[in-house]
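The values are calculated or read from the model by the stated rules, or taken from the named source; none is laboratory data. No experiment lies behind these values; they were computed from the predicted model shown. When we count neighbours, we look across all protein chains shown, and the Cβ atoms used for this are built from the backbone with ideal geometry, even at glycine.
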Amino acid sequence: MIKVEDGKLQAELLDNRGTLSDKIIEQYDYIELKNDFAEIVDILSTNMLVHAMYQEALKYEITEDLEFKIFIDENVRDYSISFDPKTHYSYISKTNTGVITLDRKNYDKSIELCMNLLKKVKASYDKLNEVEKFIIKSLEFDNPPETDEVLIDRLMTYKNGYYISKKSAYIKMALQLNIKDVIKRERTDIIKQALADACIVTIGNSKSS
């Protein structure tokens, strides 16, 4: 239950139903996924600096009652670009919840891509349970971030239970945003581009000889 008294969230009352089990958590590299999500949070904050003229559209906040608030025009298109390795064609998908890219250059060039990322992060955060939301807010979005020790005290829980919720929160965010596949897809694109460049060089050399 979310309850705020005197401007402070009563964390010990939060609901943790739906936390991932130990068996599911063990299937994933939690540290890697946590670091990947931290990179997305960094991109969100950097986007506001790069696109200072559009800062109103890119600002966000998570309030004390754990609401993730964004200020994007509802008319902005919400889509993802997916690559089908079988056909080698890219297509637009309105149902894919994964982020398109983690490449900083793409966000520097496109305000629409920045807004799309923000909307997807909010949508993924909204699917967490209350304890998971509290942990993500406190560790990634509060300035300065809280420590694990403080959060354990505020949640009035055992250390083991806290770390299960923490791992569950980061794994859920990473899976919903499809972060691992995004990184792999970028590396694949780099390889494909290198092969294309090699073909161009080969064709050019053939014509000149």
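Side notes on the structure shown:
- Any chance ASN178 is loosely packed, with under 15 Cβ neighbours inside 10 Å and either within 26 Å of GLY18 (Cα to Cα) or at pLDDT 90 or above (or both): no
- Among the residues of the stretch 84-96, those identified as of a type in the set (S, T, N, Q) and either part of a strand (DSSP E or B) or at pLDDT 90 or above (or both) are SER90, SER93.
- When restricted to residues that are part of a loop (DSSP other than H, G, I, E, B), under 23 Å from the mean Cα position of the chain (by Cα) and of a type in the set (Lys, Arg), the stretch 1-49 contains 1.
- Where helices (runs of 4 or more DSSP H) sit wholly within the stretch 97-162, those with at least 1 residues that are in contact (Cβ under 8 Å) with a residue 40 or more places away in the chain and of a type in the set (S, T, N, Q) occupy 111-125.
- Picking from residues in the stretch 41-64 that are modelled with pLDDT under 90 and closer than 29 Å to ILE2 by Cα, the one that is surrounded by the most Cβ atoms within 10 Å (Cβ to Cβ) is ALA57.
- Filter pass, GLU130 being over 17 Å from the mean Cα position of the chain (by Cα) and not hydrophobic (A, V, I, L, M, F, W, C): yes
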